[in-house]
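The values are calculated or read from the model by the stated rules, or taken from the named source; none is laboratory data. Remember, predicted model here, so these are calculated numbers, not experimental data. Glycine also receives a Cβ, built like all others from the backbone with ideal geometry; neighbour counts cover every protein chain displayed. For the accessible areas, the whole protein counts, side chains as well, though only heavy atoms, and no ligand, DNA or RNA atoms are used. Shrake-Rupley method; radii C 1.70, N 1.55, O 1.52, S 1.80 Å.
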Amino acid sequence: MKKVLVLGCTGSIGSQTLDVIRRMPDEFSVAGLSVGKDEGKLEELCAEFGCPGTCFSRDGNEGLERLVHESGCDIAVNGVAGAVGLESSVAVLEAGINLALANKESVVMAWPVISGIAGRTGASIIPVDSEHSAVFCLINQIGKENVGNVIITASGGPFRDYSREKLESVTVEMALNHPTWKMGPKITVDSASLANKGLEVIEACRLFDVPTEKVRVLVHPQSLVHSMVQTRDGMIYAQISDPDMRHPIFGALTWPEVRESPLPLFDLAGREMTFFPPRMDDFPMLSLAYGCAEKNGGYTIAFNAANEVAVQGFFDSRLKFTQIPSLVERVLQADWTEEPCDIASVYRIDSESRKLASGILDSFGGNA
């Protein structure tokens, strides 16, 4: 039986991880749980899974490291949202434990650092994002040496058919109404602005060691094809399933084996699939992310930090939806060429980026 540590257990990824474990009680057990603040829910889950090991965000790094070491887990799922999730990734990898990674900020902000830790401790990093899980599986089957291009699909969000003029009147409520996925509020807004797809482009470049010119994005409203790999001979291979995050979670928990899934099998009959290029001029967060992915230094850290500040400004009615990329672009005009050499320098660049972004946000004057 594989023992699973679930970090961020009440969030979307954490909750769906626990659902997979419920469906396979003879295969998986819960070794420990971490949560932000919901003490009542944590007690409920501990009682259900017979799990003694817990950690709250208020326990800090010391509590997190103690949970990782004392849990005796075989694999940890990092479903913590935002930049704070980097601490969880570091704690798991430093302990030499395989990491099922849904926290994209760990890769965007600190890939050289966390991949270095994994190389030193022998831990594996298995991506859980549906797009990167798909590419990970396809590359393992096809062979890295045969890959020509990586093609990441995007739902396009709720505004994929909006004119540029109509985008000016987008509200928070509209942005949170995603047509396909049920996710947390911040990532849902990122999906609407294509910032999330930009972060995933950066992730793909880092995780699979491919240059930006070999990572393409295709809008696929049905969200059935999760990503594709084009081999050097021009053939395209796709991973297809219903848009259900339990599929990549299950794949990460059972890796490197391919096991029979407890989830319903996908039926292709009667399904429609369409694809078209993203409107990068109208959704400039994607092109800004490509630019950051091409550079070394702290540009991807600054992109992520500025976007988090901008999205919060949108939630607080201090920015229009269309002003999110304007704020991020202004932050990226600063010099972020310093290459972070450790986690401390990653957090310092992140803090500097947020401070600059907050100052720029103040300059908008709350005119949303």
Problem - Options Gly270, Phe49, Val210, ranked by Cα towards positive dipole end of the chain, top entry (Cβ charges) - result: Gly270
Completion exercise
The aspartates and glutamates whose Cα lies under 18 Å from the Cα of Lys214, excluding any fewer than 8 residues away in the same chain, are Glu131, Glu145, Glu200, Glu203, Asp233, Glu294
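Tell me what the chain gives for mean residue ellipticity at 222 nm when only DSSP H runs of n ≥ 4 count, each as -39,500 (n - 2.57), the sum divided by the residue total, rounded to 500 deg cm²/dmol.
Details: 15 runs with 172 residues, N = 368.
Computed ellipticity for the chain at 222 nm equals -14500 deg cm²/dmol.
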Handout entry: Part-to-part distance (alpha-carbon centres) for the range 308-357 and the range 43-107, which is given in Å
Key = 26
Fill in the blank from the handout: the chain, Gaussian network, Cα under 10 Å: of Lys355, Lys186, Lys37, the residue fluctuating most is Lys37
Completion exercise
Computed about the Cα centre, the charge dipole of the range 122-268 from +1 Lys/Arg and -1 Asp/Glu charges at the Cβ has a magnitude in debye, to the nearest 20, of 160
Handout entry: Integer Hz, Karplus 6.51/-1.76/1.60 couplings in order for the range 283-298, x for Gly and Pro
Key = 10, x, 4, 5, 5, 4, 5, 4, x, 5, 5, 6, 9, 8, x, x
Exercise for the section: Tabulate in residue order the Karplus-calculated ³J(HN,Hα) for the range 266-276, using 6.51 cos²θ - 1.76 cosθ + 1.60 with θ = phi - 60°, rounded to whole Hz; enter x for Gly and Pro. Expected result: 7, 10, 6, 4, x, 8, 9, 10, 10, 9, 7
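Grab the Cα-Cα distance for Ala269 and Glu43, subtract it from 0.36 nm times how many residues apart they are, and report the gain in nm with one decimal. If you can, show how the numbers build up before the last one.
On the way: separation 226, 0.36 × 226 = 81.36 nm, distance 4.34 nm.
Full extension from Ala269 to Glu43 adds 77.0 nm.
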Completion exercise
Between the residues Leu167, Tyr347, Asn177, the Cα farthest towards the positive end of the dipole of the chain, that dipole coming from +1 and -1 charges on the beta-carbon of Lys, Arg, Asp and Glu, is from Leu167
Exercise for the section: Please report the relative contact order for the chain, taking Cα pairs under 8 Å with a sequence separation of at least 6, and give it as a percent rounded to a whole number. Expected result: 15
Completion exercise
Long-range amide H partners of Leu218, meaning residues 5 or more apart or on another chain whose placed amide H is closer than 5 Å, are Ile152, Thr153, Ala154
Completion exercise
The alpha-carbon pair-distance distribution computed for the range 205-277, with 5 angstrom bins and whole-percent values, is 3, 12, 19, 22, 21, 16, 7, 1
Practice task
Sort out for me the Cα centre separation of the range 231-250 from the range 114-184, rounded to whole Å.
Solution key: 12
Completion exercise
Rounded to 0.05, the calculated FRET efficiency for the beta carbons of Met280 and Gln141 at R₀ = 30 Å is 0.45
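Given Cα pairs under 8 Å that are at least 6 residues apart, what percent is the relative contact order of the range 90-191? Don't skip to the answer; put the middle values down first.
Working: 72 pairs, mean separation 20.1, N = 102.
That works out to 20 percent.
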Fill in the blank from the handout: Most fluctuating of Ser133, Ser12, Ser89 in the GNM of the chain (C-alpha, under 10 Å) is Ser12
Handout entry: Label-point gap, in nm, between Asn149 and Ser163 - each point 7 angstrom along Cα→Cβ
Key = 3.1
Practice task
Compute the distance in nm between two label points, each set 7 Å from the Cα along the Cα-to-Cβ direction, one at Arg58 and one at Asp335.
Solution key: 4.3
Handout entry: Under Karplus coefficients 6.51, -1.76 and 1.60, residue-wise ³J(HN,Hα) of the range 125-130 in Hz, glycine/proline x
Key = 10, 10, x, 10, 3, 4
Practice task
Kindly state, to the nearest 0.05, the FRET efficiency for Arg120 paired with Glu70, given R0 = 22 Å and r defined as their beta-carbon distance.
Solution key: 0.50
Handout entry: Tail weight of P(r) past 14 Å, computed on alpha-carbon pairs of the range 28-74, percent
Key = 46
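Could you tell me what percent of the accessible area of the range 309-368 is made up of carbon and sulfur, with a 1.4 Å probe and every protein chain present? Working shown, then result.
Working: 1430 of 2940 Å².
Carbon and sulfur: 49 percent of the exposed surface of the range 309-368.
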Completion exercise
So the carbon and sulfur contribution to the accessible area of the range 133-199, 1.4 Å probe, in percent, is 50
Handout entry: Net dipole in debye of the range 11-78 [+1 Lys, Arg Cβ; -1 Asp, Glu Cβ; about Cα centre; nearest 20]
Key = 160
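Nearest 20 debye, what's the magnitude of the dipole of the range 64-174 about its Cα centre given +1 on Lys and Arg Cβ and -1 on Asp and Glu Cβ?
Numbers: 7 positive and 13 negative charges, 48 e Å.
My answer is approximately 240 debye.
If you build the Cα gyration tensor of the range 1-138 and take the root of 5 times each eigenvalue, what three semi-axes come out, in whole angstrom, biggest first? Don't skip to the answer; put the middle values down first.
Numbers: eigenvalues 93, 57, 41 Å².
Here the semi-axes work out to 22, 17, 14 Å.
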Exercise for the section: With a probe of 1.4 Å, find how much accessible area the chain has per residue, and write the answer as a whole number in Å². Expected result: 43
Fill in the blank from the handout: Any lysines whose Cα falls less than 29 Å from that of Lys37, other than same-chain ones fewer than 8 residues away, would be Lys2, Lys3, Lys104, Lys182, Lys186, Lys197, Lys355
Handout entry: Dipole of the chain, positive direction: furthest Cα of Ser261, Gly156, Ser358, with charges on the beta-carbon
Key = Gly156
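With an 8 Å Cα cut-off and a minimum separation of 6 or more residues, compute the relative contact order for the range 23-130 in percent.
Working: 151 pairs, mean separation 21.5, N = 108.
Result for the range 23-130 is 20 percent.
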Practice task
Using only Cα atoms, locate the centre of the range 1-40 and the centre of the range 256-284, then give the distance between them in Å, rounded to an integer.
Solution key: 25
